[in-house]
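These notes concern the structure reproduced below.
The values are calculated or read from the model by the stated rules, or taken from the named source; none is laboratory data. Predicted, not measured: the structure shown is a model, and the values here were computed from it. We place every Cβ from the backbone using ideal geometry, glycine too, and count neighbours over all the protein chains shown. Side chains included, ligands, DNA and RNA excluded: accessible areas come from the protein's heavy atoms. Shrake-Rupley method; radii C 1.70, N 1.55, O 1.52, S 1.80 Å.
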Amino acid sequence: MREYLLTLCVTAAVTYLLTGPVRKFAIVAGAMPQIRARDVHREPTPRLGGIAMFFGLCAGLLVADHLRNLNAVFSNSNEPRALLSGAALIWLIGVLDDKFEIDALIKLGGQMIAAGVMVMQGLTILWLPIPGVGLVALTQWQGTLLTVALVVITINAVNFVDGLDGLAAGMVCIASAAFFLYAYRIWYSYGIEAAAPATLFAAILMGMCLGFLPHNMHPARIFMGDSGSMLIGLVLAAGAISITGQIDPDVMNLFSGSERNTVHQTVPVFIPLLLPLTIIAIPAADLVLAIVRRTWRGQSPFAADRGHLHHRLLEVGHSHSRAVLIMYFWSALIAFGALAYSVNSGAMWSVLGIAALSAVGLVLLLLPRFTPRAPRWAEHLVPPRYRRRRAAASALPEDGAAEPATQGTEAARESEDTDRSERAPVVVGVSGVNGATAIGTRARVLDRRGAESSR
């Protein structure tokens, strides 16, 4: 575990330290597209954040190769090299797209080629444990097609959900944390060395996301772009493929005892079929809904719009940060719920806990204009938007501009307007309200009249 944590920390540190220079390079290179109708941010923001994430991936693999225990992953398996080859190809395609906006079909072809490169080097699905049937061996063509399909679906699902600051990186980080715990349990508890590559991939993926998130949280100073979203989608798919179709369930010696015990014991065998799907459950649902919506309108499935799940959360009335946190919550609930079920499928507490947390999530969705207020003794520890109105009114500068008779009324109105502007949904096309400033410093004071104008 210490070596996995060291690899994670090195990956996160390299990604974090390189993101700043990469941001300056993106500005100089002109990788700052103009604001589009579907965009949520208000100011041009540089892309190419995937460059730092790719070098973080390389650093993590390099460090793991020189550690005493993790070195066996590279000597016993060709999967790390397969991952690096496919990641380099998909990263190069993403960099070109961030700079030159290449065609969607070309990107799709590149994704399939990257998946084929990994298949040629041994990272492929060999068999499937199907409940009620057992272990089903796949032919070479079946395994190749299934592997390519899983890689392409995962890449595009992550790419589709990358629409808010910190959303894709945070959701993938949560998913990879759940996947790391599952893969580590298979590797450590059952002593199956074949699960070590998937565990390493999950640790590196967590480091890539954690290192990039401080630069990408709202308001974002840099976007990962397709070079980052497609990269982390490929790494996520590689870990799922490695542990789903490469581990023989017979090695776990679970098929013994009564039929009921066998069913409960073999849950960890069948969970790999579901866990990759739960990891991308929300992005995949967004992908399917987007394809159906665009096809129904007579548009191309690759045509961009503002109908994604995160866009709908903003239209309901959630703030940018709250919409991201809600998506985090549901991703964690689905991923760790499946993980808890794999540990003990017969425990009632896991089912009740998931049901209770689902109810909490529904309440959060139905209260878009709820703003929690901190206690008075803790108001100096929280941002101003969580303080009580009296504190916000008293914090207004007393410069004598208002008449004494109307000063209290003006202060209350200012506080009320501030509260309303913070709760109002995001409006596209308003400059200088939110988002990152690509070249200059960030504005400290918001122009309230500009925020409420219809321009």
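Close Cβ contacts (under 6 Å, 6 or more residues apart or on different chains) running from residues in segment 75-93 that are at negative phi to residues that are buried (at least 19 other Cβ atoms within 10 Å of the Cβ) and not in a helix (DSSP H, G or I) comprise Glu79/Leu123; Ala82/Leu123.
Return a yes/no flag: does segment 100-110 have any residue that is surrounded by 19 or more Cβ atoms within 10 Å (Cβ to Cβ) and free of Cβ contacts under 8 Å to residues at least 24 places away in the same chain. Before you say what the answer is, go through the steps one by one.
The initial filter retains those residues of segment 100-110 that are surrounded by 19 or more Cβ atoms within 10 Å (Cβ to Cβ), namely 107, 110.
Restricting the remaining residues to those that are free of Cβ contacts under 8 Å to residues at least 24 places away in the same chain gives 110.
Checked segment 100-110: at least one residue is surrounded by 19 or more Cβ atoms within 10 Å (Cβ to Cβ) and free of Cβ contacts under 8 Å to residues at least 24 places away in the same chain.
Is there a residue being part of a loop (DSSP other than H, G, I, E, B), crowded, with 24+ Cβ neighbours inside 10 Å and not polar (S, T, N, Q) anywhere in segment 118-127? Within segment 118-127, one or more residues are part of a loop (DSSP other than H, G, I, E, B), crowded, with 24+ Cβ neighbours inside 10 Å and not polar (S, T, N, Q).
Within segment 50-66, residues that are over 17 Å from Leu96 (Cα atoms) and open to solvent by less than 40 Å² (accessible area, probe 1.4 Å) sit with their Cβ atoms under 7 Å from residues that are of a type outside the set (D, E, K, R) and outside any helix (DSSP H, G or I), at 6+ positions apart or across chains, in these pairs: Ala64/Leu70. Being of a type in the set (D, E, K, R), touching a Pro at 6+ places or on another chain (Cβ under 7 Å) and crowded, with 23+ Cβ neighbours inside 10 Å is a condition met by no residue of segment 150-162.
The residue of segment 204-224 that is nearest to the chain's Cα centre (by Cα), among those that are open to solvent by less than 10 Å² (accessible area, probe 1.4 Å) and closer than 18 Å to Thr154 by Cβ, is Cys209. Scanning segment 320-337 for residues being crowded, with 18+ Cβ neighbours inside 10 Å and among the aromatic types (Phe, Trp, Tyr) gives a total of 2.
Could you list, in sequence order, all residues of segment 75-95 that are surrounded by fewer than 19 Cβ atoms within 10 Å (Cβ to Cβ) and either outside any helix (DSSP H, G or I) or more than 23 Å from the chain's Cα centre (by Cα) (or both)? Matches in segment 75-95: Ser75, Asn76, Asn78, Arg81.
Could you say whether any residue in segment 185-202 is more than 27 Å from Arg47 (Cβ to Cβ), outside any helix (DSSP H, G or I), touching a residue at least 12 places away in the same chain (Cβ under 8 Å) and open to solvent by 40 Å² or more (accessible area, probe 1.4 Å)? For segment 185-202, residues more than 27 Å from Arg47 (Cβ to Cβ), outside any helix (DSSP H, G or I), touching a residue at least 12 places away in the same chain (Cβ under 8 Å) and open to solvent by 40 Å² or more (accessible area, probe 1.4 Å): present.
Taken across segment 145-153, residues that are at pLDDT 85 or above and more than 25 Å from Cys209 (Cβ to Cβ) do occur, with at least one present.
Please go through segment 61-105 and give me each residue that is of a type in the set (S, T, N, Q) and either farther than 15 Å from Ala198 by Cβ or in contact with a His (Cβ under 9 Å, 6 or more places away or on another chain) (or both), ordered by number. Give the derivation first.
To start, the set of residues in segment 61-105 that are of a type in the set (S, T, N, Q) comprises 69, 71, 75-78, 85.
Residues satisfying the conditions are Asn69, Asn71, Ser75, Ser85.
Phe55 meets each of the listed conditions (1) under 30 Å from Ser321 (Cβ atoms); (2) touching an Asp or Glu at 6+ places or on another chain (Cβ under 7 Å) apart from (2).
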